[in-house]
Each structure stands twice: as structure tokens, then as C-alpha cells.
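As C-alpha cells, the structure follows; a few thoughts come after it.
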Amino acid sequence: MTHREISHQRLLSQKLLETSSSSPQEIVHHLGAMQAQDYSMAKWAIGSRCDATEKEIEETINSGEIIRTHILRPTWHFVSADDIYWMLDVSGPQVKRIILAETKKYGYDEKEFDKINSRIEKMLAGNNHLTRDEIIQELNVKKVTSEYFLSPVLIMMYAELDGLVCSGKTRGKQMTYALLEERVSKPKSKLTKEEGLTKLALKYFESHGPATLHDFSWWSGFPTTICKQTINAIELQLNSVEIDGQKYWFGKDYSLKNNFRESVRFIPAFDEILISYKTREVSILLEHQSMAFTNNGIFKPVILENGKVIGTWKRTLKKDHAKIETQFFNETESHKKAILFEGIKAFENYLETKILIE
């Protein structure tokens, strides 16, 4: 297997090779957790992999079939309702430790967060969906010192990681929180930590592979030592290939076709095809990376041709259409604008409006 074949296989495993007939929830369930701090772009990350419109994806999120919450690395992710509890059991404790490492020195330990969570639970009980500002205003958390004020972001993140709250129904353009147990029924049994880790690793390599140990460590947030032990436990359930001394793991159902179909894709910011890997040379040349994402983790929407990033794009929504502006890394790519119209059809169907490319 070559690096080119790896980029092609990742398109297949991430359901970007061709539009899937899967539902939005099935797409999220397949990928495990999809980074979602940019809400608009995260919805397109789902839409780019299936036939659903933005409105249909929004309905799936509002219904609670897809949950938007903090999990894995301390950032927003989409998670299927089927996976939310076991994934929180696996990932929640380690991310809570990150929060507590900052807050304990100011007096906010587990007991203090438990008190806050009890108050939040009373506010939201009975399917009462509130915005973060509404919750924080009612909590009326006092400053510990003149220099430190407990961040509303950390308050709600801890409540999410504790399995208390998750995304509620959108109110206009505002996001709300709701009680997780009122959105998704709690399962009767729990996985052990080891069972949860192996399930997480299998899901990652089957949906994101071929990928390395360090890729899985980056995506999951777990140390490489733990990730290595987990891979060792499931290596018979995976395939692997070594390239330039680096081992890549992927699912047993590897079936890349010889007649790989040419494709151009408009990929959203923070999409799993780039952000879920520690290093990204397979998909984008080193000299182009600074034009697609920054050192502090800001990712732009990119144009993907046959698994390789060839430029960036941005959209502007107008009254009766959406305008797409493109910027290619190489001047020689500008002649490809004609084939971009084929690649933008999926986005046009998703938005249910006319697209103009500039």
C-alpha cells in the first residue's frame, strides 16, 4: 500500500468516496465522534457523507438522535445517541481531570461541581431546555478571587462530561442544553474501561483507517502507552501495513477498488478527514498546510481532489443563493473550476439553494 492508496482508503472508510445512503445518525455512529465546534460546518460534515439536507440533519439533532457535546479531547463533538453513554464512561473521566487541574487551585473540586450540577439538574428537569446564558445567570456563580471567575464554558463542559446535560433543541439560532437522561434513555449495563477502549479503537480504525498509533492517541485523547496496549489487544481484529517504518492500522473489510473513481469534494472546516490524524501529509503537502490550518488549531474548509487537498473555499449565504469563493494552492489548479461544479452539486442539494462559484 502506498501513501496515495492510504488517502484513497481513508475516503472510503470515512464515507467520502461516494455519497452514502446512510441516515445522518448512521454516519455519526459509523465515525464514532465528529468534531463539531463550528456547528454550521459540522452539519455539512454529516451532509457531505449522505443525501440529507441541512434541515433534515437539524431535525435529527433536535430529536436527540445525534447529540452535540464535549467528549474525547475537550472540544465539541457530534455523537450518536447509541454511543453517548459508553463513550462518556470511557472518555469523560480523563477530560474532567483536565478541567479539575485548572479549577482545583481556586477551590472548585469535584464536590463543588457536584453542587453546581445539582442546581443545573433542577433547572432543566421536565424537558426544560435552556441556553447557557440562562443557566449561568440563574446559577449566579460568584468570583473566587478578584482575578478568577469560573468560566461558564467549564461549568457546562463538566456537566456534559458528568453525563448530566447535552445539547437540547435549538431555539432560533441559539443552542440550548437539556438533561441527557431526558433525551436518551440510560442503558442497563456498562462497559468496563478496557471494553470501552477496545470498542473505541475498533470504531476509530474501521472508520478512519489506515491510521497510526499516534493518530488514535491524538483523536481519542488517551496517552500513547494506553493506546498501544489497546491496539495490542485488538490487533487480530485489524489489518495493518508498514510504510517507511510506520505501521498503519485499518479494518478487516479493506476493499479498495482498482478503478478508483475521480472525485472533487468541498470539505467543511474541522472535518474528520484532516483533523482526526496527528500528521496529515497523506492528505496535504507540508508546504500547503499553513494555508489550510493554523498552529493553534483553526481549520479552514478545503477542496479535496482524489483524497488530496488542492485549495480552500468559503461560502457566503445570500437571499436566493450561496456564493462559493475558491483559492487554489497552485495557479495551475485554476483550470479545474469547470469540474468543481460537479463537486458542488452535493452542497447545492444540502443547502437546497443555488450555488455560484467564483
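The values are calculated or read from the model by the stated rules, or taken from the named source; none is laboratory data. Given the structure is predicted, the values throughout are model-derived calculations rather than measurements. Cβ sites come from the backbone with ideal geometry, for glycine too, and all protein chains shown count toward neighbours. Accessible surface is based on the protein model in full, side chains and every heavy atom, while ligands, DNA and RNA are left aside. Shrake-Rupley method; radii C 1.70, N 1.55, O 1.52, S 1.80 Å.
Annotation note: of Ala36, Ala81, Ala125, the sole residue that is closer than 27 Å to Arg171 by Cα, modelled with pLDDT of 95 or more and in contact with a helix residue (DSSP H, G or I) (Cβ under 6 Å, 6 or more places away or on another chain) is Ala36. Restricted to strands (runs of 3 or more DSSP E) entirely inside region 249-353, those with at least 3 residues that are modelled with pLDDT of 90 or more and touching a Gly at 6+ places or on another chain (Cβ under 9 Å) are 302-305.
Filtering region 273-304 to residues that are among the hydroxyl-bearing types (Ser, Thr, Tyr), over 14 Å from the mean Cα position of the chain (by Cα) and open to solvent by less than 20 Å² (accessible area, probe 1.4 Å) leaves only Ser283. Trp44 satisfies every condition listed in (1) surrounded by 20 or more Cβ atoms within 10 Å (Cβ to Cβ); (2) outside any loop (DSSP other than H, G, I, E, B); (3) out of contact with any strand residue (DSSP E or B) (no Cβ under 7 Å at 6 or more places or on another chain); (4) without any contact (Cβ under 8 Å) to a residue 60 or more places away in the chain except (4). Annotation note: of Gln237, Gln229, the sole residue that is touching a residue at least 24 places away in the same chain (Cβ under 8 Å), open to solvent by 90 Å² or more (accessible area, probe 1.4 Å) and either of a type in the set (A, V, I, L, M) or on the phi < 0 side of the Ramachandran plot (or both) is Gln237. Among the residues of region 274-284, are any in contact (Cβ under 8 Å) with a residue 60 or more places away in the chain, among the aliphatic types (A, V, I, L, M) and closer than 19 Å to Arg10 by Cα? Yes, the conditions are met somewhere in region 274-284. Here region 15-29 is the region considered, the condition is being within 24 Å of Asn306 (Cα to Cα) and under 12 Å from the mean Cα position of the chain (by Cα), and the residue that is surrounded by the most Cβ atoms within 10 Å (Cβ to Cβ) is Val28. Figure legend. Inter-residue proximity from region 99-112: first residues assigned to a loop (DSSP other than H, G, I, E, B), second residues at pLDDT below 95 and crowded, with 17+ Cβ neighbours inside 10 Å, beta-carbon distance below 6 Å, spacing 6+ or different chains. Indicated pairs: Tyr108/Leu150.
Say whether the condition of being without any contact (Cβ under 8 Å) to a residue 60 or more places away in the chain, within 23 Å of the chain's Cα centre (by Cα) and open to solvent by 10 Å² or more (accessible area, probe 1.4 Å) is met by at least one residue in region 214-225. Yes - at least one qualifying residue is present in region 214-225. Looking only at region 189-202, decide whether some residue is within 22 Å of the chain's Cα centre (by Cα) and more than 27 Å from Ile67 (Cβ to Cβ). The answer is no, given that none of the residues of region 189-202 is within 22 Å of the chain's Cα centre (by Cα) and more than 27 Å from Ile67 (Cβ to Cβ). When each of Met157, Met123, Met87 is tested for being touching a His at 6+ places or on another chain (Cβ under 6 Å) and in contact (Cβ under 8 Å) with a residue 12 or more places away in the chain, the lone residue that passes is Met157.
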